[in-house]
Amino acid sequence: VYLALIVAMQRDLDGAERRARVGIEMAATSPVILALARATLGGILLLRDDSAAALVEARAAMDLLEQLGGVEEGEAMIRLVHMTALAQEGETEAARDAIAEAHARLRARSERIANPAWRRSFLFEIPEHAQTLELASQWLDGVKDAPPEGSSKSRHSLLGVADAPLPTKR
């Protein structure tokens, strides 16, 4: 799965897709890794402009995530791929609901971090977290999650591929 992400960052989407599919086969007995593998494949399919197939993978990843009650590593990416696929497929209300849920989950997780500098880093320096906050501020009324002074701005990317568009509010 991580090799698929690395290959995607190198913009070899054919190679990345092959590796993600192998990752899905290898993760069949591990629901946590399987969720991440399916979201990775979904993200690669989004980069290939195949949002219908991406949504199938994203929904499967979200189903696993919900069955597990969450995962430590990759949850933000799973949610980001899901909300992006929903938006790309024109499921605006479902995308808005997914963004609201991801935002609430991210904020709840951040509240468990006592150190303000670490909390700020968690929210604004992890690309999937910063992108989730950015989408929430665009899509949801009353959310103003701007990065604090001195923190890096979120780059528009998916799976680390720069300039990959995130969904815009319709």
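Using a 1.4 angstrom probe on the protein heavy atoms only, line up Glu66, Glu72 by accessible area, largest first. Intermediate results must be reported in sequence, preceding the final value.
Details: Glu66 110, Glu72 150 Å².
I get Glu72, Glu66, largest accessible area first.
What residues qualify as long-range amide H neighbours of Asp145, i.e. H under 5 Å apart, gap of 5 or more or another chain, H built at 1.01 Å from N?
Ser137
With point charges of +1 on the Cβ of Lys and Arg and -1 on the Cβ of Asp and Glu, referenced to the Cα centre of the chain, which listed residue (Leu140, Val1, Ala27) lies farthest in the positive direction of the dipole?
Positive-most Cα among the choices belongs to Leu140.
To the nearest 10 square angstrom, what accessible area does Arg109 show with a 1.4 Å probe?
We get 40 Å² for Arg109.
Per residue, how much accessible area does the range 1-64 have with a 1.4 Å probe, in Å²? If you can, show how the numbers build up before the last one.
Values: 3130 Å² over 64 residues.
Here the residues of the range 1-64 average 49 Å² of exposed surface.
Under the Karplus relation 6.51 cos²θ - 1.76 cosθ + 1.60, θ = phi - 60°, what is the ordered set of whole-Hz ³J(HN,Hα) values for the range 93-108, x standing for Gly and Pro?
Computed from phi, the couplings for the range 93-108 are 5, 5, 5, 4, 4, 5, 5, 4, 5, 5, 4, 4, 5, 5, 5, 4 Hz.
Determine the sum of side-chain charges near Arg107: Lys and Arg each +1, Asp and Glu each -1, restricted to other residues whose C-beta is under 12 angstrom from that of Arg107.
Details: positive: Arg105, Arg109, Arg112, Arg119; negative: Glu101, Glu111, Asp145.
Net charge around Arg107: +1.
Please list, in chain and number order, the residues 5+ apart from Leu158 or on another chain whose amide H is under 5 Å from its amide H, with Hs placed from the backbone.
Ala164
Report which label in [x] 17.3; [y] 15.9; [z] 18.0 holds the value of Kirkwood radius over Cα pairs in Å derived from the coordinates of this structure.
[y]
Could you tell me whether the range 1-59 comes out rounded, prolate or oblate from its Cα gyration tensor? Rule is a ≥ b ≥ c as square roots of the eigenvalues, rounded for a/c under 1.5, then prolate if a/b exceeds b/c, otherwise oblate.
Values: a/c = 2.24, a/b = 1.21, b/c = 1.86.
It is oblate, given that a/c is not under 1.5 and a/b is not larger than b/c.
Name the shape class, rounded, prolate or oblate, that the alpha-carbon gyration tensor gives for the range 14-90, where a ≥ b ≥ c are the square roots of its eigenvalues, rounded holds for a/c under 1.5, and otherwise prolate holds if a/b is larger than b/c and oblate otherwise. Intermediate results must be reported in sequence, preceding the final value.
Values: a/c = 2.06, a/b = 1.17, b/c = 1.76.
Judged from the Cα gyration tensor, the range 14-90 comes out oblate (a/c at least 1.5, b/c at or above a/b).
Along the range 84-92, what does the Karplus equation 6.51 cos²θ - 1.76 cosθ + 1.60 (θ = phi - 60°) give for ³J(HN,Hα), rounded to whole Hz, x for Gly and Pro?
Result, ordered by residue: 5, 5, 4, 5, 5, 8, x, 8, 4 Hz.
The values are calculated or read from the model by the stated rules, or taken from the named source; none is laboratory data. Being a predicted model, the structure only gives us computed values, none of them experimental. For neighbour counting, all protein chains shown are included, and Cβ atoms are generated from backbone atoms with ideal geometry for every residue, glycine included. SASA here: full protein model, heavy atoms, side chains in, ligands and nucleic acids out. Shrake-Rupley method; radii C 1.70, N 1.55, O 1.52, S 1.80 Å.
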